[in-house]
Amino acid sequence: FLQCRSVLLTVYIVTFLIGLPANILALYAFSVKIHTKPGPTDILLLNLTVSDLLFLIILPFKMHEATSQMQWDLPDLLCSITSFIFFSTIHSSSLLLMAVSVVRYIGIAFPVSFHQLQKPAYPIVASVVIWIIAAVHCSIVFATQHHPALSSQNSTVCYEKFTPEQLKIVLPVRLEAFIVLCVVPLLICVFCYLRSISILYSRPLISMAQKRKAIGMALGTLAVFLVCMLPFNISHLVGFIEGDSPTWRHYVLLLSTFNTCLDPIIFYFSSSMFHLTSKKSVFKMYIWFPGDLHLTCKNIPAKINK
């Protein structure tokens with residue numbers, strides 16, 4: 001137990017020290033971009049940055065919990081708010097990564113249509129829907145801790161060691177979250193990126209070096225999803241099967257925690273905000289990803305006219 005607490009505290013501190021400045025820088029960059037000419041990916045990644053920052057803001061409370069031998073000595077309402085933000089931001093990150101993959105796929109597979117649909121309203125509405133879905137699923141935190149029929153007044157821990165009555169509600173909701181907030185987004189991401197890679201390889205105008213960079217980008221994003229998001233969500237499935245919250249859940253949550261340090265790397269290579277203006281820049285990946293479709297859109301109509 002002591003070793004688990006030490007690992008939790010170490011990862012929390014490292015994540016906070018690295019993730020906070022990185023995401024603040026990303027927030028500034030996207031804020032500047034939003035006031036110029038924002039693309040759909042920029043708006044989605046801005047929301048992902050906000051999600052990560054909310055997660056990092058409540059992380060000191062999780063540090064305090066770890067230093068207090070996993071006992072919660074702060075107000076109960078603060079426990080609910082911390083847990084709600086902690087889990088809802090993890091789920092919203094999964095959904096936002098899915099949305100980014102969809103935007104990229106549409107931009108590659110249907111460049112002409114995508115160019116006509118680059119209105120901020122679409123990614124804004126998508127972001128709002130994602131936030132609502134994540135919040136609704138994680139509202140179970142408030143229900144289990146404050147509903148008169150479910151709350152445990154004698155509990156000294158925060159959203160841990162559930163009563164049998166609480167487990168009857170928590171476990172099915174977690175299973176549903178595993179399917180809706182993990183399996184479905186993961187399948188969509190895999191489909192979109194595999195199709196995007198296939199389409200890119202069929203286009204002779206794109207160099208092999210550019211294709212490899214695009215593949216690396218896609219595989220890197222999928223790797224973050226698989227490593228940081230999937231293990232935590234698998235604990236939902238295992239918990240439902242076993243009828244209890246897995247004891248190793250703390251460790252897989254650390255992977256989701258560290259995701260806030262990896263997201264800014266995705267931001268750097270994903271958004272046109274971070275591409276250098278030089279034509280020889282190795283970071284000009286928007287040639288094949290949404291943000292600047294001048295190469296793709298310029299050639300598609302020519303083929304149609306032929």
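No value in this document is a laboratory result; all are computed from the given coordinates. On a predicted model such as this, the values are computed, not experimentally measured, just so you know. Methodologically, a virtual Cβ is constructed for each residue, glycine included, from the backbone with ideal geometry; neighbour enumeration extends over all protein chains shown.
Brief remarks follow.
- Amide N proximity, the stretch 207-234 versus Val190 label position 7 Å along Cα-to-Cβ, cut-off under 19 Å: 215-234
- Radius of gyration and Dmax over the Cα atoms of the stretch 200-254, both given in Å: 18.1, 55
- When each of the peptides 253-261, 48-56 is scored by how many other beta carbons lie within 10 Å of its residues on average, the order from highest to lowest is 48-56, 253-261.
- Within-14-Å neighbourhood charge of Val224 [Cβ basis; K, R +1; D, E -1]: -2
- Alpha-carbon Rg/Rh ratio, for the stretch 1-144, with Rh computed the Kirkwood way: 1.06
- Residues Ser202 and Val180, FRET efficiency given R0 of 45 Å [Cβ-Cβ distance, rounded to 0.05]: 0.85
- Gained length - Trp248 relative to Gln116, 0.36 nm times residue gap less alpha-carbon distance: 42.7 nm
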